[in-house]
1. Can you work out the Karplus-derived ³J(HN,Hα) for every residue in segment 26-33? Use 6.51 cos²θ - 1.76 cosθ + 1.60 with θ = phi - 60°, whole Hz, and x for glycine or proline.
2. Would you mind ranking T221, T319 by Cβ crowding within 10 Å, fewest neighbours first?
3. Here is the link list: K195/K229; K195/K248; K55/K248. Which ones come out longer than 22 Å on Cα distance?
4. Please give the contour-minus-distance gain from E288 to D181: 0.36 nm per residue of separation, less the Cα-Cα distance, rounded to one decimal in nm.
5. Once R0 is set to 30 Å, what does the formula 1/(1 + (r/R0)^6) return for the Cβ-Cβ distance between Q35 and N5, expressed as a FRET efficiency to the nearest 0.05?
6. With charges set only on the Cβ (+1 for Lys and Arg, -1 for Asp and Glu), what does the dipole of segment 4-373 come to about its Cα centre, in debye to the nearest 20?
7. Based only on other Cβ atoms within 10 Å, what is the fewest-to-most ordering of T349, T344?
8. Quote the FRET efficiency, to the nearest 0.05, computed for R204 versus K61 with a Förster distance R0 of 22 Å and r equal to the Cβ-Cβ distance.
Amino acid sequence: MPAANAANDTARLLAGMAPSADPALVELTQESSWQQHAKFFDSAWAGLEKNQLSKVRTWAKTQVPDAFAAKGTVFYMFSGPDFLYADTFFPQATTYVLCGIEPIGPLPDVSKLAPGELGGELRALRESINSVLSFSFFITKEMKSDLQHHTLSGTLPILYIFLARSGMTLCDVSYVSLDEDGVLAPQQDGMRSAKSPAPGVRIRFLAEGSNTPRTLYYFSTDISDDGLKHSGFLQFCKTLAPGTSCVKSASYLMHESYFSAIRRFLLDNSSTLVQDDSGIPCSYFAPEAWQMRFFGRYPGPIPLFKNYAQQKLAEYYRTTNPEPLDFGIGYRHRSGESTLMVATRRPPTGNELESGAASAEVPPRAVIVPEEDANSSPP
């Protein structure tokens, strides 16, 4: 692994921000391709902050203040490399756990680029994150295509960009893997950690103005029931539980029986869960155990996911007069069309039903979702 300042300078360079220490990277900022890249990110990020992130942040601070201020763990399943929204919803967390099928990739190292290659690599990075900047979620197939056969590949360059643009300073980047018991072990070569069913990366960083170390984990792993049997991923997550959780643009996978283990984990280990309708079906939240609040509108799933319409959720929206949202999120990403719900665990009384409520409906089986339409893997 390179020195910490090298990783941080690389992150800043990829994010279109001037590096501070490495003379070789500072020299790259003189290239016209990097200067164009920096102008793109300055403009795109200013627009994203004004039109989206500031609104999401204000909503979270107002509507889920305890979770917004919580300093524990955030679980963001089916996230891909989307640190951006985990940080916006829960900016005080000390540990973030993200996962997806997208590979980690090699440590970003622009020194390996041949002369003239920088522009093409930066362009591929911009294209790979364009959907999350525009629609709030990754399109997995497009991201794979944009970064395939590039030196800067995998999720790490994207995580670097989001951390740097969110005002974070990278302190340490290391590859890790999990054994079947969820024990974290270091890996010397991240490309070879793919032998593990749950290869991962651990990034330690500091938030702007803070000296408190924080940690981001990203695991490239299958979180279907079969995939979780021997990966150790849930066992590892349990060592960090309970926490706050978020789910969005998750392909409605937790509506299916073969994603029951990850659904159960979130129900058992979340104090607050913020999700769109692609997360856990609302019928799994027993009213004795959860306070449910609804925001925005529920026009139902987009046509691709039409089999996952929830009658109970539609009834909630008809009868509870939810507060509007001034931002869009999830597959219904246009403002005025988005669905967002907050599940807050009630204090235990001894009488509430088990979190996986016996009355929970079983949504109809649907056609397997093609991965290009989700920011996380179908089974």
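1. 4, 5, 5, 5, 7, 6, 4, 5
2. Values: T221 22, T319 9.
With the fewest neighbours first, T221, T319 line up as T319, T221.
3. Details: K195/K229 16 Å; K195/K248 29 Å; K55/K248 17 Å.
Where the Cα-Cα span goes over 22 Å, the pairs concerned are K195/K248.
4. On the way: separation 107, 0.36 × 107 = 38.52 nm, distance 3.28 nm.
Once the chain is fully extended between E288 and D181, it gains 35.2 nm.
5. Working: r = 23 Å, r/R0 = 0.75.
The pair Q35/N5 has a calculated efficiency of 0.85.
6. Values: 33 positive and 40 negative charges, 149 e Å.
So the magnitude is around 720 debye.
7. Values: T349 8, T344 18.
In order of increasing Cβ crowding within 10 Å: T349, T344.
8. Values: r = 26 Å, r/R0 = 1.16.
Using R0 = 22 Å, I get an efficiency of 0.30.
Quick note: the coordinates plus some simple rules give every number you see, no bench work behind them. Given the structure is predicted, the values throughout are model-derived calculations rather than measurements. Methodologically, a virtual Cβ is constructed for each residue, glycine included, from the backbone with ideal geometry; neighbour enumeration extends over all protein chains shown.
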